[in-house]
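Data block below; observations after.
Every number in this text was worked out from the coordinates using simple rules, so none of it is lab data. Here the structure is a predicted model, which is why all the values come from computation and not from measurement. We place every Cβ from the backbone using ideal geometry, glycine too, and count neighbours over all the protein chains shown.
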Amino acid sequence: MKKMLAVGSGILFAAAGLLPVAVSAHTTIHPASWRSTQETAKQDTKDAGSDVKDAAKKTGSATKKGAKTAGTDTKNAAKKTGSATKTGTKKVVNKTASKTAEGADKVEDKTAPK
């Protein structure tokens, strides 16, 4: 909040607090407050730019971490799926071989000379 100054009858009043400050008749008030206002605005702009920069860095970092986690999760899911497929295929092959052998034994028994 900017403080405004009012000069009247050799007494300077600060508008924010209304505290009297003695000023001599030879005191000249320079527009230093204008300069500080400009500097403040410039600093505010710099601060806003820095805040945006920091927010962009944090967002980029979070996006990178999220993508890395998603990639790792996908990799692990693919491994589990591949392992399950391998196990399932082995079971099917073994069962098929077992049933084929069982069928062959039946055929052999029927075709064997008596």
Residue 62 versus residue 111: modelled label distance in nm, points set 7 Å from Cα along the beta carbon direction: 7.2
Excluding residues on the same chain fewer than 8 positions from residue 68, give the lysines whose Cα lies under 23 Å from its Cα. 53, 57, 58, 79, 80
What is the spin-label model distance, in nm, from residue 80 to residue 99 if the labels are put 7 Å beyond Cα along the C-beta direction? 2.9
Total formal charge among the other residues, if their Cβ is under 14 angstrom from that of residue 64, Lys/Arg +1 and Asp/Glu -1: +4
